[in-house]
Structures are given as C-alpha cells and as structure tokens.
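The values are calculated or read from the model by the stated rules, or taken from the named source; none is laboratory data. It should be emphasised that the depicted structure is a prediction, and the values quoted were computed from it without experimental measurement. Neighbour counts run over all protein chains shown; Cβ positions are idealised from the backbone, glycine included.
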Amino acid sequence: MAETRTIFDIILGIFKTAWESPLATTIIANACQIILLLGVGIPLITFVTRQILKYLKGHVSEQVSMLVSKGIFYGGMVLLGLMLLPIIGIKELTPIVGAAGVVGVAVGFAAQTSFSNIISGLFLISERPFAAGDLIKIGETKGFVTSINLLSIRLRTLDNQQVRIPNEYVIKNVVTNVTHFPILRLDIDLSVSHRNDLEQVMAVLKDIADKNVYCLDEPDASVQIQQFGASNISIRLSAWFAKDDYLQFKNSLICQIQKRFREEEIEIASPSTHNVCLVPAPDGACPAPGMGESPVVQTSERG
C-alpha cells in the first residue's frame, strides 16, 4: 500500500512540476489566446460578411454580391491566420513566404484548370450574359440558373436535375439566354392540303391568335405562306407573348387551332413544328418572321 502511494506521489509531483513550469504557463496562455481569437474572430467575420451581403442586395447584381462577400470572408480568414502566427511562435515570415513560393509553383501546375475556371468566372460576373433565375441553353443542356460561382455555374434542368458546368466551358461555348428579354415569339408551322381555301386558313389562324388571352397586341400576330409544295402548303403563325406565359400560351393556342380546324374542316397535310424565338432587340424592334432572328429552341409535334 505504501509503495502504491509512493508511485502515485511521484506521478503527481511530476505533473505538478510540469504545470508550474514556465513552458506550461506559456502553452496554456497561448492556447487561451488562440481559443479567444478564433471564438471571436470567426463569428465576427461571418457577421460582417452577412451584413455587407445584405447591404449589397438590391444595389448590385447577385454575382457581384457573391464575389465581394466571398472576398471579404476569405480575406478575413487570411488576416485571422496571420494574427495567429505570432501566438504559435512564428514571428519571421520569410521562410513561410519562400515555402509558399515553392508550393505555389507546384500547385499552379496541378490547378491550371481551376485557375482557368476562376478567370472565366470573373469574366462571366463582369459581362453578365445571364443572371440567377434565367433559362439558358449551353450545348445540349438547358435549365434555370441557380447559382454563379467562381469555378462553375449550376443549372436546374426542366426535369428538376442539378447540373454543374465549369466556367471555362461556358466561356468557350455558345450560350442562349432564352428568357433574357421580357417577351418571346411562338412560331407554329402548319402544312395544309391544297384542297383548303388559303385565305380562310390564314383568317382563322389570325383570329385564333387575336382572341387568345395570352397573345400580345403589340407586336401583332402575323400569318405567312412559307412554301407552296407539290403535296401541301406550309403556313406559319407567329404570335408574341410574355415569357412567363409560355406553357399556358403554347398549350392554349395549339388546342384552339385543333378545335377551329375541325370546326372549319381544314385539313392538315403533314407533321407540324413550333419554334420559340427570342425578341432580337429590347427596344421593341421586331424583325419579320424568318429574317434576322435570334437562335431558336425547336421541338416537333405531330399534327
């Protein structure tokens, strides 16, 4: 029993001596400073970033707000790290700068794609070809923009999937902003039989567009004969609508055409197509259908 107590006293004495030593005091003091600095610094940086983000909202674009807020956050974290260096005993930055240079060269070779995406992201943010919420098409991918980051953009496709596209790919490819302008044009191409009265067909189509609640009065809807074929005649109905009414307008117009054609005994000769075209100029200047149009999004429907 006495031997056990002696061992315990020895161990306790060792810990007591270590605790009372200047080194232990320094370690404890530094640990308290680090905890205090991190405990105050990180919440403070987060709070300042959020307040600046709230202030910028409504004053600048969402892309610029994101870039500024992330720059402030990461800049604050770097400053916090520099404040920690003297506490942990690093007072001379020259070796760190030298080591950072060597590491930077190695990382630079390994991260060329990331740097390219960051530069491309800066171009996207400054140029602003689209914004969050826009419906865009890049290559074969089409969806609504949910976020624009330094490395990539994210799209929510029409079937509710998330797609991440690197900024470098966006810069190098053609981007169609379907909803950039407030109004769009719906083109419906119909092939009718030679047995139909063309004037009647054109009058019926114009009347359908004029009576549709989603069709805009300005620009006015138009009907044109596209082609006089050997077995059919191609006619195009062009009507304008607000971009938010696309589905309602398309569905209602096609249903009304089918109903009126049955009532008027107008015969459709072959499959038809419809195209959604962008308004080419925001000032309301609209080209004649088929001339100088912006890129189109085309789908096919059986008549």
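The selection criterion, being closer than 15 Å to Ile266 by Cβ, of a type in the set (S, T, N, Q), in contact (Cβ under 8 Å) with a residue 24 or more places away in the chain and not in a loop (DSSP other than H, G, I, E, B), holds for Ser191.
Quick grid of which residues meet (1) touching a residue at least 24 places away in the same chain (Cβ under 8 Å); (2) on the phi > 0 side of the Ramachandran plot; (3) in a loop (DSSP other than H, G, I, E, B); (4) of a type in the set (Lys, Arg):
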site: Asn117; (1), (2), (3), (4): yes, no, no, no
site: Ser120; (1), (2), (3), (4): yes, no, no, no
site: Ser126; (1), (2), (3), (4): no, no, no, no
site: Pro129; (1), (2), (3), (4): yes, no, yes, no
site: Lys137; (1), (2), (3), (4): yes, no, no, yes
site: Leu150; (1), (2), (3), (4): yes, no, yes, no
site: Arg154; (1), (2), (3), (4): no, no, no, yes
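Residues in the range 170-188 that are of a type in the set (A, V, I, L, M, F, W, C) and either crowded, with 17+ Cβ neighbours inside 10 Å or part of a strand (DSSP E or B) (or both): Val170, Ile171, Val175, Val178, Ile183, Leu184, Leu186, Ile188. Tallying residues that are at pLDDT below 85, of a type in the set (S, T, N, Q) and in contact with a Leu (Cβ under 7 Å, 6 or more places away or on another chain) within the range 110-151 yields 2. Taking the criterion of being surrounded by 12 or more Cβ atoms within 10 Å (Cβ to Cβ), free of Cβ contacts under 8 Å to residues at least 12 places away in the same chain and of a type in the set (A, V, I, L, M, F, W, C), the only residue of the range 57-78 that qualifies is Val60. A count restricted to the range 210-227 and to residues that are surrounded by 17 or more Cβ atoms within 10 Å (Cβ to Cβ) and either among the β-branched types (Val, Ile, Thr) or within 16 Å of Glu264 (Cα to Cα) (or both) stands at 1.
Would you please name the residue that is surrounded by the fewest Cβ atoms within 10 Å (Cβ to Cβ), looking only at residues in the range 228-266 that are part of a helix (DSSP H, G or I), of a type outside the set (D, E, K, R) and touching a helix residue (DSSP H, G or I) at 6+ places or on another chain (Cβ under 9 Å)? Working first, answer last.
From the range 228-266, those part of a helix (DSSP H, G or I) are 243-264; that's our starting set.
After this cut, where a residue has to be of a type outside the set (D, E, K, R) as well, the list is 246-249, 251-258, 261.
This time we only want the ones that are touching a helix residue (DSSP H, G or I) at 6+ places or on another chain (Cβ under 9 Å), so: 253, 256-257, 261.
Numbers: Leu253: 23, Gln256: 17, Ile257: 21, Phe261: 20.
Selected residue: Gln256.
Residue count for the range 29-56, restricted to those that are surrounded by 12 or more Cβ atoms within 10 Å (Cβ to Cβ) and modelled with pLDDT under 75: 1.
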